[in-house]
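Okay, so here's the structure we're looking at.
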């Protein structure tokens, strides 16, 4: 398959006032990212996968693929707590035309590294679509160790890892593995490490902040590819500053969605039990003004 590269946005899932998926608002968000040149990663952490039903995840993937219409690639998240359900969701989504799928480590169950190897091996064996590992131990409680990833990288249907552990040390360990082979790539999760990852061999990134700053996200990657490191660093500094200040106010995906909702109300709020008060709304509005893309 063609190597998957470039910036992707972990697109939000819009909800209406009854907390039902707002399909038309989702269409507008996918089109917005495609017009900015960013790929779409649907039903991931910023898409509130943990609050979506099986059927909703399939529907969101279908809408994303239909709207992207080949302009940009679409990746879909399929991670569930059990191996059985991860495979079932993967089989339902692989038929829709996604470029690849990503599966977060199981949550709630404390897994050994041997169990994680078995989990991902079974998932990759069962699917025809390529699979990315997804490491975010702060949320799942299960960490993919570099030694485990090195083993899984040899599977012919596992093509890379999305690392969202949040540290440069974690990212660098996976980049080291990727540099030693031509069939395994790293997609950067933390928005503050996008340029660092690209400089050290990452194939691309999957960004939450790209929901509210798609042009800045795309500019980091475009400037890097063009060899304009000074511009890439300027855009990265802007992105990193926004990330630090916005995430200081609460659960990052909820902060991203609220910032987007304040600008585009049809995106709606996060599903309960997430609650954001008026005071935080005002702080987010002020941040949005200071970090507007036009001044980046």
(request) Among DSSP beta bridges whose residues both lie in the chain, state the antiparallel percentage, nearest 5. (result) 5 percent
(request) Please express the shape of the chain as an equivalent ellipsoid: the semi-axes are the square roots of 5 times the eigenvalues of the C-alpha gyration tensor, given largest first in whole angstrom. (result) 27, 23, 18
(request) Would you please give the FRET efficiency between residue 84 and residue 292, computed as 1/(1 + (r/R0)^6) with r the Cβ-Cβ distance and R0 = 41 Å, to the nearest 0.05? (result) 0.35
(request) Once you have the Cα-Cα distance between residue 118 and residue 53, take 0.36 nm times their residue separation minus that, and quote the gain in nm to one decimal. (result) 20.9 nm
(request) With springs only between Cα atoms under 10 Å apart, run a GNM on the chain and tell me which of 43, 61, 226 wobbles the most. (result) 226
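Can you give the calculated 222 nm mean residue ellipticity of the chain, where each DSSP H run of n ≥ 4 adds -39,500 (n - 2.57) and the sum is split over every residue, rounded to the nearest 500 deg cm²/dmol?
-14500 deg cm²/dmol
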(message) If each residue of separation counts as 0.36 nm, what is the full-extension length gain between residue 199 and residue 69 once their alpha-carbon separation is subtracted?
(response) 43.8 nm
(message) Which one, 21, 40, 101, has the greatest fluctuation when you compute a Gaussian network model over the chain with C-alpha springs under 10 angstrom?
(response) 21
(request) Identify the residues of region 237-275 with backbone N under 18 Å of a label point that sits 7 angstrom from the Cα of residue 19 along the Cα-to-Cβ direction, or state none. (result) 251, 253-255, 257-258, 267-275
(message) Full-extension gain between residue 179 and residue 143, please, as 0.36 nm times their residue separation minus the C-alpha to C-alpha distance.
(response) 10.9 nm
(request) Please report Rg over Rh for region 164-204, where both radii come from the alpha carbon positions and Rh follows the Kirkwood definition. (result) 0.92
(message) Calculate the FRET efficiency for residue 109 and residue 228 from the Cβ-Cβ distance with a Förster distance of 30 Å, rounded to the nearest 0.05.
(response) 0.05
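No lab work stands behind these numbers, since they all come straight from the coordinates. Since the structure is predicted, the reported quantities are computational estimates derived from the model, not experimental observations. Cβ coordinates were reconstructed from backbone atoms using ideal geometry, including for glycine residues, and neighbour counts include every protein chain displayed.
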